[in-house]
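Asks: My questions all concern the structure below.
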């Protein structure tokens, strides 16, 4: 790959993954699954919404971290670790530090305003209103909110530095060079342990204290993307399996969704 070449299609794909998040969060207002927990939940819900938006959401963030890992390796190759950290200081850390308090204040203020003014509140707003009237509302704990992915990217950059220092960063490239069938077998096994503690990679890990499942789950995809840099031709070897993978993902998604719906219904009944 020429040093000055920019992979615009990956930039576009990453942007689409982020834009899909706008659709996802807007659609959650009509989701039966998160109706009790979403502040802007509408009284009208549709199971079709859950069936559509969760499918895209469950792969868009792994896709985002895979692309982020690829670009991280590309930056290390072109500019070294120092160049990586200088670039990400202005592209990731600075935007996070600037917008984090702003996002936190806006969400807190808008939620409290909704609690005071909405005529037909959602179940969550009604619960907050009840707490506010009875015992007083405790201050909202600080969290990363919708900027959590920037927060975790910074952890992954530090892990890249550690991997380079100890000479283990080539493991990612070796994993990416595995035969597609073997890689597709090992990847679910790699994410099984971090996901064993949660029923789904949701809600987002917005706490300032990093969560093990998020580091392990998204870290697998970040590492895979890191290893793919410099050997994009491997994607051609995977392309022949696309139809099988799509069919398998739909089956697995349907199974997961049925289990989650059953669990949510059970929690509501009890």
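The values are calculated or read from the model by the stated rules, or taken from the named source; none is laboratory data. Note that the coordinates shown come from a computational prediction; the quantities given were computed from them, not determined experimentally. Glycine also receives a Cβ, built like all others from the backbone with ideal geometry; neighbour counts cover every protein chain displayed.
Asks: Determine whether segment 130-149 contains at least one residue that is in contact with a strand residue (DSSP E or B) (Cβ under 7 Å, 6 or more places away or on another chain), surrounded by 12 or more Cβ atoms within 10 Å (Cβ to Cβ) and outside any loop (DSSP other than H, G, I, E, B).
Replies: yes
Asks: Tell me whether segment 216-237 contains one or more residues that are surrounded by fewer than 16 Cβ atoms within 10 Å (Cβ to Cβ), at pLDDT 80 or above and in a helix (DSSP H, G or I).
Replies: Checked segment 216-237: no residue is surrounded by fewer than 16 Cβ atoms within 10 Å (Cβ to Cβ), at pLDDT 80 or above and in a helix (DSSP H, G or I).
Asks: Under 6 Å between Cβ atoms, which residue pairs at least 6 apart in sequence (or on different chains) link something in segment 239-260 that is closer than 19 Å to residue 51 by Cβ with a partner that is at pLDDT 90 or above and in a helix (DSSP H, G or I)?
Replies: Close Cβ pairs (under 6 Å, with a partner that is at pLDDT 90 or above and in a helix (DSSP H, G or I)) amount to 253/55.
Asks: I've got another one for you. List the number of the failed condition for residue 28; all other conditions in (1) closer than 13 Å to residue 123 by Cβ; (2) modelled with pLDDT of 90 or more hold.
Replies: Answer for residue 28: the failing condition is (1).
Asks: Could you say which residue among 102, 75 is assigned to a helix (DSSP H, G or I), surrounded by fewer than 16 Cβ atoms within 10 Å (Cβ to Cβ) and either modelled with pLDDT under 95 or in contact with a strand residue (DSSP E or B) (Cβ under 8 Å, 6 or more places away or on another chain) (or both)?
Replies: Sole residue among the options that is assigned to a helix (DSSP H, G or I), surrounded by fewer than 16 Cβ atoms within 10 Å (Cβ to Cβ) and either modelled with pLDDT under 95 or in contact with a strand residue (DSSP E or B) (Cβ under 8 Å, 6 or more places away or on another chain) (or both): 102.
Asks: Taking residue 43 as meeting all but one of (1) in a helix (DSSP H, G or I); (2) over 21 Å from residue 224 (Cα atoms), write down the number of the exception.
Replies: Of the numbered conditions (1) in a helix (DSSP H, G or I); (2) over 21 Å from residue 224 (Cα atoms), the odd one out for residue 43 is (1).
Asks: Same structure again: So, residue 209, is that one over 21 Å from residue 176 (Cα atoms) and not in a helix (DSSP H, G or I) or not?
Replies: In short, yes.
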